[in-house]
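So the structure is just underneath, and the comments pick up after that.
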Amino acid sequence: FGMTWRNYRMTGQTRFIKEGDKLVLVAYPEGSDIKFSRLKVFSLTIPFMINQALGRKVVFSVGPVINFNTYGSLKTRYVLNDEKVKETDKNIHQNSMTIDLMAKLRFNSLGIYAKYSPSDMLNTEFGPKFRSFSTGIIWFY
């Protein structure tokens, strides 16, 4: 059992905004000094990993991770005409449950992982459809 949060950050000239109930991608106003635009999703997770020892101290694991997405928000920041603009919303219509596929290689307490999220993070009736892939370093997991 665990907890995770994910940040989906836009780069370039496009930002997330809410138009009615829908989350859409639009351009920043002309002349904006862009800071960032991101979605954040917090999840409670349950991994179902199969472990295989590859030696005395090396373990390979693979399997699905079920995410119960309990909170989601959007935040966009930019400066326009010397005025700081902050756009936020806490109702981004994230799916309540998603599944990731994860693989990890651990040596003692340090390892690396790769995670692919084939599930849509957002309810596609209300927002854009996208998937994510991440890699990283793990410690004691």
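The values are calculated or read from the model by the stated rules, or taken from the named source; none is laboratory data. Keep in mind it's a predicted model, so treat the numbers as computed, not measured. Because the Cβ atoms are built from the backbone with ideal geometry, glycine has one as well, and the counts that use them run over all protein chains shown. To get the accessible areas, we keep the full protein, side chains included, count just its heavy atoms, and leave off ligands, DNA and RNA. Shrake-Rupley method; radii C 1.70, N 1.55, O 1.52, S 1.80 Å.
Things worth noting here:
- Reported count of residues in region 19-36, each being in a strand (DSSP E or B), open to solvent by 70 Å² or more (accessible area, probe 1.4 Å) and in contact (Cβ under 8 Å) with a residue 24 or more places away in the chain, is 4.
- Of the residues making up region 37-54, those that are assigned to a strand (DSSP E or B) and open to solvent by 40 Å² or more (accessible area, probe 1.4 Å) are K40, F42, L44, I46, I50, N51, Q52, A53.
- Contact map, region 72-86: residues that are in contact (Cβ under 8 Å) with a residue 40 or more places away in the chain paired with residues that are open to solvent by 50 Å² or more (accessible area, probe 1.4 Å) and basic (K, R), Cβ distance under 6 Å, separation 6+ or inter-chain. Pairs shown: R77/K35; R77/K86; Y78/K35.
- Any chance K57 is buried (at least 16 other Cβ atoms within 10 Å of the Cβ) and under 22 Å from T135 (Cα atoms): no
- All positions within region 70-117 that are aromatic (F, W, Y) and in contact with an Asp or Glu (Cβ under 9 Å, 6 or more places away or on another chain): Y78, Y116
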